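The values are calculated or read from the model by the stated rules, or taken from the named source; none is laboratory data. Computed from a predicted model, the values in this text were never measured in an experiment. Note that each Cβ is placed from the backbone with ideal geometry, even for glycine, and that neighbours are counted across all protein chains shown. Quick note on the areas: whole protein, heavy atoms, side chains included, nothing else; ligands and nucleic acids left out. Shrake-Rupley method; radii C 1.70, N 1.55, O 1.52, S 1.80 Å.
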Amino acid sequence: MPDARALVATPYRRGVLVLAIVTLCWRAWTVSRWTWHKDDWGFVEQSASAPLLDYLFQDHNGHVMPGGLLVTKLATLLAPLDFSAVVVLVALAGAATVLVWGRAFERLTQGNLVALLPLSVLALSPVLLEPMMWWACAVNALPLQLSLGWMVIAAADWVEHRRRADLVRFAIAYTLGLLFWHKALLLVLPAVVTVVALSPGPFRERVRTAIRPTALLLAISVPYLALFRYLTQRTQTAYDLEPSFAGHTVAGSLRQYAEGFSDMFLPAVLGGPWGSMQVDPDPLSTPSAATTWSVLAVCAVALGWLVLRHRAALWLLLLPLGYTVVALGIVLFSTRADDVWDVMTLTRYYVDSIMVAALAAALMIRESQRRRTRSASAPRWLLPAAALALGASLVSANVVAADRMGVHPGRAWVGAFRSDATHLAESHSSGSPAVVWDGFAPDVVLQPGYWPEEARLSAMLQPFGASITTGVATDQLYVAEPSGHLVPAGVDPIITSEPGPVDDCGYYLEPGDSVQVEMTGELYYWGWGLQVAGFTSTGTALVIDLGDDEVDVALPSGLQERAVQVEGAVAPAVTIRLPADAAGNVCVSALSVGTVAPNP
């Protein structure tokens, strides 16, 4: 066990610890203002309803991410629909990322305080704000960051000691990244560049040192690619991700890349963007021309300074530039661009680019240390000035971005819905389940027009298991109010059955019987509530054919009044059947069909 005092033994380590604490608090606060969002709902529902292997190795819009889905399943099992679990996981993983990369940068720069600057961008770039709040992104992006951080540490150890154990850790870190997201394949580029940059000697000798780690990564990547191809090609969906150059021209593509670099990547390197990121309340925002030109001017000055003072480290700029071109190109030149028109300005596509840019900055610091002479040393005021400017940039950009994003509009609804569903599940953990009307969540939670299956309450209630269900007959139906609370409800009749021919019974059925029931009207296709009043001494189940829909209605013994959800048109005459294997006779006194509303 390392001595706890060693964690704060140097100014650099104290800086890393402060950054980790700030990241922990910032992630906890910002993510707590959010809730389940878009793809999250599908992941949560499937975690409870799909077979384990099918769930873990599914093709989700061209993505393969069994690690993230496994974490989602475990979180759902331990705390069904509880977003506070996401808050804890993201906050802790964010802090862990800072600690891992802090150690990586310490290995690269021997704890140079300047390395805290790229570490601050990696930890607190406002570009990370929305991806960390959106669980479907965070559960993939955070392991990707951790994976490369561990690979950098292992690479530094390998270059220094050439131990087999270092290569094993290098391979394990890469494999774990692949388990969480196939995009980890791109980590081969920064990992190999890191080995080359850290190796001593002339360039040819550096390349020779990188041969074994590179071969190891390729030995893992090739079979993984075969598995990835198999998983993504075994089924065809409307959102399969395939290469596509249709509609692209050289000039148009260069224009889009220029937009991505000027509006997102370069500002992010400087601690921005500042109030111009696209967020749900303002999806069309763009930076002003003055901001763009200011960013380009600062980057030009920085590049000029590097040319004059650290020319030997300039080649490392090719790493973040090349990585970002490739990472964005995978999306831009694919069928995804047909659905996501603004791929170059979406923050989630820059999470890994910012990480690689921070790594390149640390490698440049190392290179400048290796070649620096006393006469080439930077003025003492430069580091405090740069730290102050970057800190002000990060703080202002994060505060503005968090304010623009605000609180998720569906957060209160989800909280109320989850709380009441938990209470219902606990109170019905033994015996018959609670039955909830299978309506749709409001648009502020999930838009049914775009997510027709995931937005149904039956899908959202899957994590609560058999204690809550939908679509079956019950003596007490529950509906979700606009606030999200689940309250008792009943059928408000619009049409009813005509009186039956049997006195003190209505419609009498013995096993195998079928009877036609005239209604006082008919109803158009819609979701209706059907209420059945009847009596049976043994308990049995009726089959009621409404015209468009046929529904089973279980009647326990005794005098009963049961409600069930139906969907379709209701004919002017419906049919009641009692199966031939029914245990006893039934009297049906009345049928009612109408809307369902909370009890007064």
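Annotations
- Pairwise label distance in nanometres, residue 429 with residue 9, each label 7 Å out on the Cα-Cβ vector: 4.9
- Applying a 4.7 Å cutoff between beta carbons, the unpaired cysteines of the chain are 25, 137, 299.
- Fully extending the segment from residue 284 to residue 595 would add 107.9 nm, taking 0.36 nm per residue of separation and subtracting the current Cα-Cα distance.
- What the Cα convex hull of the stretch 471-598 gives, in volume per residue, is 93 Å³.
- About its Cα centre, the dipole of the chain is roughly 6140 debye, where the only charges are +1 on Lys and Arg Cβ and -1 on Asp and Glu Cβ.
- Per residue accessible area in Å² of the stretch 8-368, where ligands, DNA and RNA are left out and the probe is 1.4 Å: 41
- Note on the chain: Cα-only Rg and Dmax are 30.6, 110 Å.
- Using 0.36 nm per residue and subtracting the Cα-Cα separation, the extra length available between residue 249 and residue 61 on full extension is 65.2 nm.
- With a Förster radius of 22 Å applied to the beta-carbon distance between residue 392 and residue 297, the computed FRET efficiency rounds to 0.80.
- For the chain, the share of accessible area belonging to carbon and sulfur comes to 63 percent (1.4 Å probe, ligands and nucleic acids excluded).
- Per residue, the stretch 471-598 exposes 46 Å² of accessible surface when a 1.4 Å probe is rolled over the protein heavy atoms with every protein chain present.
- Spin-label pair residue 33/residue 54, simplified geometry with 7 Å Cα→Cβ offset, distance in nm: 4.0
- Cα centroid of the stretch 19-62 to Cα centroid of the stretch 242-310, whole Å: 29
- If you plug the beta carbon distance of residue 163 and residue 204 into 1/(1 + (r/R0)^6) with R0 = 25 Å, you get a FRET efficiency near 0.60.
- Separation of the residue 505 and residue 308 label points, Cα + 7 Å toward Cβ, nm: 10.4
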